[in-house]
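The values are calculated or read from the model by the stated rules, or taken from the named source; none is laboratory data. Quick caveat, the model's predicted, so the values are computed rather than measured. Cβ sites come from the backbone with ideal geometry, for glycine too, and all protein chains shown count toward neighbours. Calculation scope for accessible area: heavy atoms of the full protein, side chains included, ligands and nucleic acids excluded. Shrake-Rupley method; radii C 1.70, N 1.55, O 1.52, S 1.80 Å.
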Number of protein chains: 2
Amino acid sequence: MDQVNLKKLAKELNLAVSTVSRALRDSHEISPQTKERVRELAEKLGFQPNPHASSLRQNKSKTIAVIIPEIENNFFSQVINGIESVTPNKGYHVLIYLTHEDYNKERDILQLLRNGRVDGIMVSVSNTTTNLDHIEAWHAAGIPLVLFDRTSEDLDVPNIMTNDAEMAFKATEHLLKRGCRNIAYLGMTGNLSISNRRKAGYLTALEKYKVPAPPQIIELTAKDYINRDILKQLFEQQPRPDGIFAAIEKFAVNAYEVCKELHLHIPQDVKVISFSNLQAAALFDPALSTIIQPAYDIGREAANILFKIIEKKMLMPYEKKMVLPSQLIERASTAVTGK
Amino acid sequence: MDQVNLKKLAKELNLAVSTVSRALRDSHEISPQTKERVRELAEKLGFQPNPHASSLRQNKSKTIAVIIPEIENNFFSQVINGIESVTPNKGYHVLIYLTHEDYNKERDILQLLRNGRVDGIMVSVSNTTTNLDHIEAWHAAGIPLVLFDRTSEDLDVPNIMTNDAEMAFKATEHLLKRGCRNIAYLGMTGNLSISNRRKAGYLTALEKYKVPAPPQIIELTAKDYINRDILKQLFEQQPRPDGIFAAIEKFAVNAYEVCKELHLHIPQDVKVISFSNLQAAALFDPALSTIIQPAYDIGREAANILFKIIEKKMLMPYEKKMVLPSQLIERASTAVTGK
DNA sequence: CTGTTAGCGCCTTCAG
DNA sequence: CTGAAGGCGCTAACAG
């Protein structure tokens, strides 16, 4: 690899390395003619400054890391899209890390990155994460960090998320208004604040509407086949739930699968609503009522806030805890039926 | 940021920097006792070597780049998942770049990375890419590169893909055997070899079965609303297509949307099959027949091959052009109906 | 087995 | 306006 570097340019132009460097960075103390000559040759030879050298020298990497539980998930894909809508303009690069919902991996990744490889990180914590020391330590080290979606209210770190509790309340209320009286909540295992917010919204709605049946909080996993087993049991118990509120898109899919298998009809036998960012939800049989999260915006705003911290700008109060509203879309899966 | 570095460790231990460096890299020429002392302190202080310094010194970055057209697409998400199944074991980091199907962006990204920031790249080219000089130039510079899915047979570069032509043939044949006589192909604009392979499979099937109706190759775009307009026109013409073969998942979704709007029934009025990696395809109304690509495996194998090149190992002949088979799943959208 | 030395390529004083 | 020199942190060649 015959890399062109500053030295080569300097020699070719009979200039000092420092002059070339300054010319390329458009320093005001270089004559226009010299700048022009330098730029011309640099262009011609396709010069690209060695990023490791400048990172080493300047102690910044022009790189951020995005740490997410999984990627086969519309929500996180859309978030990445949102992040990518700002990074190139900032001249930044994006590293992706997957924790696969494993706390140990999450902790190790953060540890691995604590050496200047990145200028900042964006994290959506795994659902097996109960101890937030690794986040705290990172933050304490003064390295820019934002949490999104799977956030934590306990730490003094910018949180970017949606109005989970409110939408969970509305979703449950929606099911109640459509006649459900025995609503099960399908959530993640773990003790994430996002789960708690959604659970709380569900419980508040049951309470407000004085539903006699006890709440049913079902904790599902990352494995489809386990979830289907659990759901089968759920549907075979008496009284059978007549409403399902899935806090995760994947779980709604699992519920549909099991209903099909058990020949339960949606929405006649059971109504379903779910947090979901799947465009194709409208094409389901029946069309799935969803709460659409502003995933792209969450990614974009989280990135913007991270860059503000990296650039040492002051954050506005609302940027420390930003809540972007979701939208409830009513479809056939929660329609009222004659039955 | 009070970074610990080799110098600090060396001073603390009364050793030379090089000794500490060697101890940490488990060099055979360091006494076990010294290694132990060094490791202990390094552990205690949470030492992480500065990656920019070693990258600069060793001229390698332990980083690869994945360059894809878009990320809100199950296929590419699953590919990334596959890639990520090998990178951490190799001690490698993954940068993500999106071209948004824009040739200029693709070219610029490759240019941007030609400075040692990455040790290799994995590319799935954009559909607006007709000129492959940027790929060729990258390859000529001797930097490791593999193409996946959206590949090019013209370049002497490892290609990892699925059996597109064969599956396109089978999909078309499947529609024919289910009674379709007027099948439209929905593909991407552009002249990608993947599109050509799928188109070719479609045309071969029509030819082999001596279908009298002329082939209908419909080119759709990245914008849903444009696609819906085009499809509406398609369905309003006479004779109306009685079969749709979508080369891209998104286009099948668009077709479903339009059928719904026009009150066309699938599969009675028109049968639909599509390349798709959407788990929820089985839940569509009606369940969508799909050709499932081995996306995860493509990602994993492409990464493995890239690492072989990076490690300067010889490639087996089959690794230069690896074809991983897809699977056709027949569902209700192509069922035979009484009508 | 350990220490000394010399860069990797870039940026930033400090001198002219 | 330009040049010379030093050093970011790490590794590798060369001594001992």
Point to revise | All-pairs Cα distance distribution in the range A:1-48, expressed in whole percent, bin size 10 Å | key: 30, 60, 9, 1
Review point. With every protein chain kept in the model, how would you rank B:His174, B:His28 by accessible area, 1.4 Å probe, largest at the top?
Key: B:His28, B:His174
Check your understanding: Rounded to the nearest 20 Debye, what is the dipole magnitude of chain B about its Cα centre when Lys and Arg each give +1 and Asp and Glu each give -1 at the C-beta?
Key -> 720
Review point. Angle between the Cα long axis of helix A:74-84 and the longest principal axis of chain A, 0 to 90 degrees, nearest 10?
Key: 20
Exercise for review: Using Cα pairs closer than 8 Å and at least 6 residues apart in sequence, work out the relative contact order for chain B, in percent.
Suggested key: 18
Check your understanding: For A:Leu315, which inter-copy label distances result when the label point lies 7 Å beyond Cα on the Cα-to-Cβ vector, reported in nm to one decimal and in ascending order?
Key -> 4.6
Review point. Going toward the positive end of the dipole of chain B, with +1 on Lys and Arg Cβ and -1 on Asp and Glu Cβ, which of B:Ala246, B:Thr337, B:Ser195 do you reach last?
Key: B:Ser195
Revision key, fill the gap. Amide H proximity to A:Gly120 below 5 Å, modelled H, separation 5+ or other chain, gives A:Ala65
Review point. Near the amide H of B:Leu324, under 5 Å away, which other amide H atoms are found, from residues 5 or more places off or on another chain, if H is placed in the peptide plane?
Key: B:Met161, B:Thr162, B:Asn163
Review point. Shape call for chain A from the C-alpha gyration tensor, a ≥ b ≥ c root eigenvalues: rounded (a/c under 1.5), prolate (a/b greater than b/c) or oblate?
Key: prolate
Practice item. Under a cut-off of 23 Å between alpha-carbon atoms, report the lysines in cross-link reach of B:Lys44, not counting same-chain residues fewer than 8 places apart. Key: A:Lys105, B:Lys7, B:Lys8, B:Lys11, B:Lys35
Review point. With point charges of +1 on the Cβ of Lys and Arg and -1 on the Cβ of Asp and Glu, referenced to the Cα centre of the range A:129-170, which listed residue (A:Leu155, A:Ala168, A:His134) lies farthest in the positive direction of the dipole?
Key: A:Ala168
Study note, to complete from the structure: Under the Karplus relation with 6.51, -1.76 and 1.60 and θ = phi - 60°, whole-Hz ³J(HN,Hα) for the range A:4-15, x at Gly and Pro, equal 7, 10, 4, 4, 4, 4, 4, 4, 4, 9, 6, 10
**Study point:** Straight-distance crosslink candidates among lysines, where the alpha carbon sits under 16 Å from A:Lys177 and sequence neighbours closer than 8 are dropped
**Key:** A:Lys208, A:Lys210, A:Lys271, A:Lys339
Review point. Based on the alpha-carbon gyration tensor of the range B:202-333 and its eigenvalue square roots a ≥ b ≥ c, which shape applies: rounded if a/c is under 1.5, prolate if not and a/b is larger than b/c, or oblate?
Key: prolate
**Study point:** Size of charge dipole - the range A:181-339 - debye, nearest 20, with Cβ of Lys, Arg +1 and Asp, Glu -1, no other charges
**Key:** 520
Check your understanding: Mind listing the Cα extents of the range B:1-111 along all three principal axes, in Å, largest one first?
Key -> 56, 28, 26
Point to revise | Total charge dipole magnitude, the protein assembly as shown, about the Cα centre, Cβ charges on Lys, Arg, Asp, Glu only, Debye to nearest 20 | key: 960
**Study point:** Distant-in-sequence amide H partners of A:Ile291 (H built 1.01 Å from N, under 5 Å)
**Key:** A:Ser274, A:Phe275, A:Ser276, A:Ile329
Exercise for review: Could you work out which residue, out of A:Ser18, A:Ser126, A:Ser152, moves most in a Gaussian network model of chain A, that is, has the largest mean-square fluctuation with Cα springs under 10 Å?
Suggested key: A:Ser18
Check your understanding: Given just the C-alpha atoms of the protein assembly as shown, how large is their convex hull per residue in cubic angstrom?
Key -> 189
Check your understanding: Whole-Hz Karplus ³J(HN,Hα) for the range A:256-272, in order, using 6.51 cos²θ - 1.76 cosθ + 1.60 and θ = phi - 60°, x for Gly and Pro?
Key -> 4, 4, 5, 4, 4, 4, 8, 6, 8, 9, 9, x, 4, 7, 8, 9, 9
Check your understanding: Short version: ³J(HN,Hα) in whole Hz for each residue of the range A:216-231, in order, from phi by Karplus 6.51 cos²θ - 1.76 cosθ + 1.60 (θ = phi - 60°), x for Gly and Pro, what are they?
Key -> 10, 9, 9, 9, 10, 10, 7, 9, 4, 5, 5, 4, 5, 4, 4, 5
Check your understanding: Kirkwood-based Rg over Rh for the range A:92-218 (C-alpha set), two decimals?
Key -> 1.09
Review point. Helix B:295-310 sits at what angle to the longest principal axis of chain B, using alpha carbons and giving 0 to 90 degrees rounded to 10?
Key: 40
